[in-house]
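The structure appears right after this line, and notes come after that.
The values are calculated or read from the model by the stated rules, or taken from the named source; none is laboratory data. This one's a predicted model, so the numbers in the text were calculated from it and none came from an experiment. Neighbour counts run over all protein chains shown; Cβ positions are idealised from the backbone, glycine included. Accessible surface is based on the protein model in full, side chains and every heavy atom, while ligands, DNA and RNA are left aside. Shrake-Rupley method; radii C 1.70, N 1.55, O 1.52, S 1.80 Å.
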Amino acid sequence: MVARLLAITLLTASAALVASAAEPATQPAPAALNFSVKDIDGKDVNLADFKGKVILIVNVASKCGNTPQYDGLEKMYAQDKDKGFVILGFPANNFANQEPGTNAEIKNFCTETYKVDFPMFAKIDVKGPDQAPLYKYLTSVDTQPQPKGDITWNFEKFLIGRDGQVIARFAPKTTPEDPKLVAAVNAALAK
C-alpha cells in the first residue's frame, strides 16, 4: 500500500513538473513599459505591447513654439517604423496653457495640420501633483544628455531601447533632425 501511494505521489509530481515546463515563463515588462495608458480615442493601451521596439516618448502641445517638431517627428516615424521604431505622443497642458484642447481637438489638429500617424495618447499631466505615473517614472531615471528631474517644457523626449530601458533624454529644443538624437535612435535600432 505504501509503495502504491509513493508511486502515485511520484507520478503526480512528475506530471506537474512536465506541465509547468511546457508553459512559457512570463516575464514582467521592463519598468518603462510597465504602464497602461489611454490612447487619444480613450482606449486602454498597455505599453508592454511595444516591447522589442525602439520608442521615443514625447510630451507634445499644439500651441507651442516647438509644435512644428510634429513634422520632423512624423518624418522620423515614417522613415524608421519598419525597422521597429515608434513615437508615442503625450499631449500635456502643463506649460503656459499651450495644449488647451480636448483629445478630439488635439487629434484633429495633429492629423489635419501635420498628418501625424504615430500613436497619440490622451492628454495627461507630465509634472506637478497630478503627474501621470509614466512620467513619474521617466523623470526619476538619470539619463543623458538631460539628467533626471522635472519636465522642463513641451517636446521633451525620452528614448527607450528594445529592452525597455530608458537610454537617453533630450531637451525640448532638440529637434527630430538633431544629429545627436538621430544617432541615438540609429544606435538603438542597430541593437
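So, PHE95, is that one buried (at least 17 other Cβ atoms within 10 Å of the Cβ), within 17 Å of the chain's Cα centre (by Cα), under 22 Å from LYS38 (Cβ atoms) and among the aromatic types (Phe, Trp, Tyr) or not?
Against the criterion (buried (at least 17 other Cβ atoms within 10 Å of the Cβ), within 17 Å of the chain's Cα centre (by Cα), under 22 Å from LYS38 (Cβ atoms) and among the aromatic types (Phe, Trp, Tyr)), PHE95 does not qualify.
Go through the stretch 124-140 residue by residue and tally those that are of a type outside the set (Gly, Ala, Ser) and either touching a residue at least 60 places away in the same chain (Cβ under 8 Å) or in contact with a helix residue (DSSP H, G or I) (Cβ under 6 Å, 6 or more places away or on another chain) (or both).
Initially, the stretch 124-140 is screened for residues of a type outside the set (Gly, Ala, Ser), giving 124-127, 129-131, 133-139.
Imposing the further condition that a residue be either touching a residue at least 60 places away in the same chain (Cβ under 8 Å) or in contact with a helix residue (DSSP H, G or I) (Cβ under 6 Å, 6 or more places away or on another chain) (or both) reduces the set to 124, 126, 133-135, 137-138.
Matching residues across the stretch 124-140 total 7.
How many residues does the stretch 182-191 contain that are open to solvent by less than 30 Å² (accessible area, probe 1.4 Å) and without any contact (Cβ under 8 Å) to a residue 40 or more places away in the chain?
Going residue by residue through the stretch 182-191, those that are open to solvent by less than 30 Å² (accessible area, probe 1.4 Å) are 184-185, 188-189.
Checking which are without any contact (Cβ under 8 Å) to a residue 40 or more places away in the chain leaves us with 184.
Final tally of qualifying residues: 1.
Pick out, from the stretch 31-135, the strands (runs of 3 or more DSSP E) lying fully within it that include 3 or more residues that are among the β-branched types (Val, Ile, Thr) and under 23 Å from VAL185 (Cβ atoms).
Working: elements: 36-38, 44-46, 54-60, 85-91.
Because the criterion is at least 3 residues that are among the β-branched types (Val, Ile, Thr) and under 23 Å from VAL185 (Cβ atoms), the strands (runs of 3 or more DSSP E) in the stretch 31-135 that meet it are 54-60.
Mind telling me which of the residues PRO147, PRO133 ends up being open to solvent by 50 Å² or more (accessible area, probe 1.4 Å), modelled with pLDDT of 95 or more and on the phi < 0 side of the Ramachandran plot?
Values: PRO147 fails: modelled with pLDDT of 95 or more.
None of the other options fit; the residue is PRO133.
Hey, among the residues in the stretch 150-170 that are open to solvent by 30 Å² or more (accessible area, probe 1.4 Å) and assigned to a loop (DSSP other than H, G, I, E, B), which one's farthest from ALA78 (Cα to Cα)?
Taking the stretch 150-170 as the starting set, the residues that turn out to be open to solvent by 30 Å² or more (accessible area, probe 1.4 Å) are 150, 152-153, 162-163, 165, 167.
Next, only the ones that are assigned to a loop (DSSP other than H, G, I, E, B) stay: 150, 152-153, 162-163, 165.
Working: ASP150: 30, THR152: 27, TRP153: 25, ARG162: 18, ASP163: 22, GLN165: 23 Å.
Selected residue: ASP150.
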